[in-house]
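One structure is given below, encoded as structure tokens.
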Amino acid sequence: MKKQILWISILTAAASTAATAETINAAGATFPAPIYQKWFEEFHKAHADIQINYQPIGSGGGIRQITEGTVDFGASDMPMTDEQMSKVSKFKVLHFPTVLGGIVPTYNVPGVPSINFSGATLAGIYLGSIKKWNDPALVKDNPGAKLPNEDITVVHRSDGSGTSFVFSDYLAKVSPEWKTKVGVNTSVNWPVGLGGKGNEGVSGLVKQTPFSIGYVELIYAVQNKMEYGAMKNKAGNFVKADFNTVSDAAAGAAKDMPADFRVSITDAPGKNAYPIASFTWLLIPDKIDNATKKKSITDFLQWMMTAGQGDAQALSYAPLPKPVVVKEQKQLALIK
Amino acid sequence: MATVAVTAPPQSQPRKLVNFFRDGDQIAHLVTFLFAASVFLVTVFLVYELWIHSGPSRAKFGFHFLTSKTWDPVADEFGALPFIYGTVVTSFIALIISVPLGVGAAIFLSELAPPRLSNSCTFLVELLAAVPSVIFGLLAIFTLVPIMRQYVEPFLKHTLGFLPQFEGPAYGVGYLTASMILSVMTFPFIISISREALLAVPREQREAALALGATQWESTWQVVVPYARLGIIGSIFLALARALGETMAVTMVIGNDTGIHTSLLSPGYTIAAMIANNFTEATGDVFLSALVELGLVLFALTMVLNAAAQLLIIATTGKGSKQP
Amino acid sequence: MDRIARRNIVNYVMLAATGICTVITVSVLFLILGYLVVNGWRSLDWNFFTKLPLSAGEAGGGVVNALVGSGVLILIAALIGIPVGFLGGIYLAEFGGKTVPMMIRYTADLLNGVPSIVIGIFAWTVIVVRMHHFSAWAGGFALSLMMIPIGLRATEQFLRGVPNSLREGSLALGASKTRTIISVIVPAAKQGILTGMILGVARIAGETAPLLFTSLNNQFWATSLNQPTASLPVLIYNYAISAYDDLHREAWAAGLVLLILVLIANIASRWVLSRGASTQRG
């Protein structure tokens, strides 16, 4: 009895403090989760009556939940396919790009600071054909580096992931074997490796497992002080992901951005373009019945496209190119 | 003195109905029956919902689902065999570790330990059963996995590496680590129930064996334990049923790989871990219904085991087992 | 002589081995507690119990929404589970005949054996899909399903344990069956029933799997029961598999809090039971 009274009083206390806030539920990609969580926190500070609760459950989750209607909007690094969009019956899904990010090959090889990877090598590692760190292919790209004679522990995603989508999209472009054997999707039949849940799970596993390699969004490697390698881009240069190289990858796409913003920028041309870069999108319904929610969401999107972009660089993302923002603001009007 | 008529006047039909309900007992009977029946209805509803929501997957794959090894979301091809394999292997190995330890401890607590020590130790072991699965997982990630990766698995590879069961790199996560954490989680069931079964063996059995010149161990192992074997086996079944359905601790240390591997050091998957990792994000109806069908398979497995365990335990503690 | 010596040696060795088995199995509990205390103690500060979580990398956050969220979920589960278990148990012990109670007992045992992840799937199909929402209701419902069999069994068992003489005495004095149950039998069995309910709460307090896709998670306060809510077990899971060290520390601390609560509930339930037994004898 006493226990119940205690909880009821705690509940009412909690409820009264939060009573006036409107909760908007969103779920999806872990790739942009750090900047989304920062944005939603900042937005909540400026608008105390709006709480946007974002759950990073993976892009597959974002797509699924917006299709089922269990969240108010979703987030994904994989643009929805036509087939997926047709399954959403109540409204049309609008893709709003938010930031640009890079996926880096992060690894835990003590004693070796920076490793270069070519696309074919990375595909070989993830296909299981390249098994050791001192494989000739790796040695060729890293002259002078003391690569150890250890087995490579491969780490991939165990959940439905847009990061996996972008990564497999890139591997399919650089490796015909990957394209036919495994394919491109948020969830694939990985030939080898351990599965981690979310970008956090993969970085966690790599951090704790010596001689392992994983693919994560740049911010996860940076925040966890993990080493990450340079990738050989289409122009033949080894580049590490950062603000400039990721922005360069989007430079070409910005000019020819399709009207629905669904585009892949992996293996982009450009001297300094980072090859495993991607936009990430918020999946917004074009019809929102609740007027307060509609205003909150459109307010947030407007803020995100303008003031919010200032947060990108500090968290190792690249802001949207200006032509893209202009086009997006026009899409805002489509939300009824 | 006039006698008071004892019989009540004949009643009309509506009156009988009203009186039926005015009787508090009948209302209480009805109300409690409804609540009790709701348990039955909910369970039936559970099976029904599992059946319905796994429809697309059952229609597409049929029984092939249980034997197919492929789990390919790109091609929409799903098969349950890797997960059934992982579930069975981890539970089986967990029992190989925990049954000897558990039965041994139960023997000590029932035969050798003074009653107070026995009771307090049993109390402590039963508290272990209350520890939530996620806490076991938390401990496993940060304590067991590094130990497995740095000491145990290399040692096993060094000594038994010629066996296919111990091939491959020492990840630290995988079937073996999951089995170890499962074995810890199953101790309490085996110890507690086996101890009860052993305590239920009549004193005369022990005394007869000792009178015939057996050592205490011989008396225990050759007379008492066989007498209680149904109860002990029942406890093993219950432990197995628990291990099969365990989700959190396993998913945190099994490595999440959707293949079938003979090596115990390799990562794998169990049914419960698969569902937990993928349910919120299954894109596509077939994928989601395949996960629900996995849940149905797991449900069926645990149902059969629980029934077997109940029967065995009833047989022991209800009647008494081996007749001389 | 040789054979007897050998048998004696085997005797001592095997008996010692069983002692070792006991030491191993009993010490596991202390190891667990020890690890949690050592790793979690440092993170238990005022912030932990009063602040909301901050984005990873920022210090000073807490888990208060998870603590309250777990409390809310348990409350919902108890509000559903206790009446069903209690009243259902009364039916099984006092009113039922032969076949119907047997069927109900069987399905209760079945429900008890259902893996918690499958219960989560069921709660998802029943509530989340229909409401188009992750919610505390769905999480609480899932937990209540796990609580019901325990409460049901405990109620029935302890009601049956009340001696028939009490029942007959009450009926002989003219009380109706309902009155008898309310005023005589239940009070006589109340310790056992209470034990069952406390054990039920202790069991669901630590459950994670059913919450993964019912109540999901929430960084802020859940503004209503129709919204997803944070909970302690889900928080521990998410933090444990992440890569951030400060989240790991929070996970240890949260684990310590959860374990202490669960252990207290278990110990309390035994204490209640033992008090009941002793007063009945007197």
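In segment A:258-272, the residue that is nearest to residue A:162 (Cα to Cα) out of those that are out of contact with any strand residue (DSSP E or B) (no Cβ under 9 Å at 6 or more places or on another chain) and among the small types (Gly, Ala, Ser) is A:259. Of C:111, C:159, all but one fail to be assigned to a helix (DSSP H, G or I) and facing chain B (nearest Cβ under 10 Å); the exception is C:111.
Filtering C:69, C:89 for residues that are within 11 Å of chain B (Cβ to nearest Cβ), at pLDDT 80 or above, surrounded by 17 or more Cβ atoms within 10 Å (Cβ to Cβ) and assigned to a helix (DSSP H, G or I) leaves a single hit, C:89.
If we scan segment C:135-147, do we find a residue that is touching a Leu at 6+ places or on another chain (Cβ under 7 Å), in a helix (DSSP H, G or I) and farther than 30 Å from residue C:50 by Cβ? For segment C:135-147, residues touching a Leu at 6+ places or on another chain (Cβ under 7 Å), in a helix (DSSP H, G or I) and farther than 30 Å from residue C:50 by Cβ: present.
Given the criterion hydrophobic (A, V, I, L, M, F, W, C), without any contact (Cβ under 8 Å) to a residue 24 or more places away in the chain and surrounded by fewer than 24 Cβ atoms within 10 Å (Cβ to Cβ), identify the matching residue among A:147, A:138.
A:138
Which residues, counting only those in segment C:176-190, are free of Cβ contacts under 8 Å to residues at least 24 places away in the same chain, of a type in the set (A, V, I, L, M, F, W, C) and at the interface with chain B (Cβ under 10 Å from one of its Cβ atoms)?
Of everything in segment C:176-190, just one residue is free of Cβ contacts under 8 Å to residues at least 24 places away in the same chain, of a type in the set (A, V, I, L, M, F, W, C) and at the interface with chain B (Cβ under 10 Å from one of its Cβ atoms), namely C:182.
Among the strands (runs of 3 or more DSSP E) confined to segment A:174-244, the ones with at least 3 residues that are more than 12 Å from chain B (Cβ to nearest Cβ) and touching a residue at least 40 places away in the same chain (Cβ under 8 Å) are located at A:212-217, A:230-232. Would you confirm, using the coordinates I've provided, whether residue A:170 is part of a helix (DSSP H, G or I), within 14 Å of another protein chain (Cβ to nearest Cβ) and of a type in the set (Ser, Thr, Tyr)? No, not satisfied.
Residue by residue, here is whether (1) under 18 Å from residue A:120 (Cα atoms); (2) in contact with a strand residue (DSSP E or B) (Cβ under 8 Å, 6 or more places away or on another chain) holds:
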| site | (1), (2) |
| --- | --- |
| A:152 | yes, yes |
| A:156 | yes, yes |
| A:163 | no, yes |
| A:168 | yes, no |
| A:171 | yes, no |
| A:176 | yes, no |
| A:180 | yes, no |
| A:185 | no, no |
| A:188 | no, yes |
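Checking each residue in segment B:89-103 for being of a type in the set (Val, Ile, Thr) and surrounded by fewer than 16 Cβ atoms within 10 Å (Cβ to Cβ) picks out only B:96. In segment B:50-81, which residues are part of a helix (DSSP H, G or I) and surrounded by fewer than 19 Cβ atoms within 10 Å (Cβ to Cβ)? Listed by number, the residues that qualify are B:51, B:52, B:55, B:56, B:58, B:59, B:60, B:64, B:66, B:67, B:81.
Residue C:75 passes every criterion in (1) at the interface with chain B (Cβ under 7 Å from one of its Cβ atoms); (2) modelled with pLDDT of 90 or more apart from (1).
Taking the stated definitions as given, is residue C:63 surrounded by 22 or more Cβ atoms within 10 Å (Cβ to Cβ) and at pLDDT 90 or above?
no
Being surrounded by fewer than 24 Cβ atoms within 10 Å (Cβ to Cβ) and farther than 22 Å from residue A:307 by Cα is a description that applies to residue A:72.
Residue C:123 meets all of the listed conditions (1) among the small types (Gly, Ala, Ser); (2) modelled with pLDDT of 90 or more; (3) more than 25 Å from residue A:88 (Cβ to Cβ) but one, namely (3).
The values are calculated or read from the model by the stated rules, or taken from the named source; none is laboratory data. Quick caveat, the model's predicted, so the values are computed rather than measured. All Cβ positions, glycine included, derive from the backbone under ideal geometry; neighbour counts span all protein chains shown.
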